[in-house]
Ligand SMILES: [Zn+2]
């Protein structure tokens, strides 16, 4: 898709209107709130509408929170256009992609940053967070763009993928970096040298150069969505100073496509396909995660467990002990007053592909399912509920 210039607010809106009218079989628009000046903020939902949403992953792409970041204005149309192509068919079949092309319309019209740098704005709180509550995204991409200068700092032609240093549960840092590595590789293959940044990087930069870099990347919406439902969060900076509008669109699209592609696959440690966001506590050797037969049930379970995660015994939940060469025990302790009604799944990883003799849960035989990667076997046990002061002891004999 070619762009001769960065679009104005009206041009983006007209483009989207036309898109929805010509792609009714895969898209619809939802008004998720209004700006202070009364402009509608729209989310565009793209998915194969003849396939059930319950089976699909949810990807949320937020664009244009900062109104002076011209590069963001071509990303929404470029992404929506790509999502309508034959090559995006698997993504449409497996995922419900939600695109907010202009998250801050007043800022876009006035061409100003337009949001507070150090906290969530009222605008974001009343539009983007309820959107997250309704759909419980599995993954979030927050799209930004740098120009010649941003608050006095010349960014040297930077384009970057940003991961959240505050994401600390389970294997989150490993998983975010692994996904970011794929995004950087995809961008490089398309001809765009992206860097990987963490918010920690900007924090240090701020410390060192507070005068010129007061409010570098801010991830308040990402942080809130991570806290709400353990969505995997990424940010991105494209660059509208060094790239043409078409190149800006292509560079951003390369990164987003890589992210979406991940949602069509199954991670080695996961039984179900989709984004690898289900290790809520523990590590690759033993972890707890959501339970559910379809993606929608697993999302509900994920959000519930995540909201009660403080009541699992720390720092080891679960605690994995090797009893001998042929026995491994995994212990989970839960102390929350409120039951976990949507259940949990316990997973334990065993080296090699041994024959499993039995799996017991608190000394009773338990149903389980398993999968293998190249060097190990993962055993999963679903628990319907978890109540206060439950101690769950899973023993695998092999
Ligand atoms: Zn920005």
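The values are calculated or read from the model by the stated rules, or taken from the named source; none is laboratory data. Only a predicted model underlies this, so the values are computations on that prediction, with no experimental measurement involved. Note: ideal-geometry Cβ built from the backbone for every residue, glycine included; neighbour counts use all protein chains shown.
Which strands (runs of 3 or more DSSP E) sit wholly inside segment 235-349 and have at least 2 residues that are more than 16 Å from the ligand (Cβ to nearest atom), free of Cβ contacts under 8 Å to residues at least 60 places away in the same chain and touching a strand residue (DSSP E or B) at 6+ places or on another chain (Cβ under 9 Å)?
286-290, 319-324
Filter segment 352-398 down to the residues that are over 29 Å from the mean Cα position of the chain (by Cα) and exposed (fewer than 12 other Cβ atoms within 10 Å of the Cβ) and list them by number.
352, 355, 357, 358, 362, 363, 364, 365, 367, 389, 391
Determine if segment 120-131 includes at least one residue that is in contact with a helix residue (DSSP H, G or I) (Cβ under 7 Å, 6 or more places away or on another chain), farther than 22 Å from residue 277 by Cβ, assigned by TED's automatic domain parsing to the domain that holds residue 35 and surrounded by fewer than 24 Cβ atoms within 10 Å (Cβ to Cβ).
Scanning segment 120-131, I find no residue that is in contact with a helix residue (DSSP H, G or I) (Cβ under 7 Å, 6 or more places away or on another chain), farther than 22 Å from residue 277 by Cβ, assigned by TED's automatic domain parsing to the domain that holds residue 35 and surrounded by fewer than 24 Cβ atoms within 10 Å (Cβ to Cβ), so the answer is no.
Pick out the one residue from 111, 149, 89 that is more than 18 Å from the chain's Cα centre (by Cα), under 19 Å from residue 256 (Cα atoms) and assigned by TED's automatic domain parsing to the domain that holds residue 32.
It is 89.
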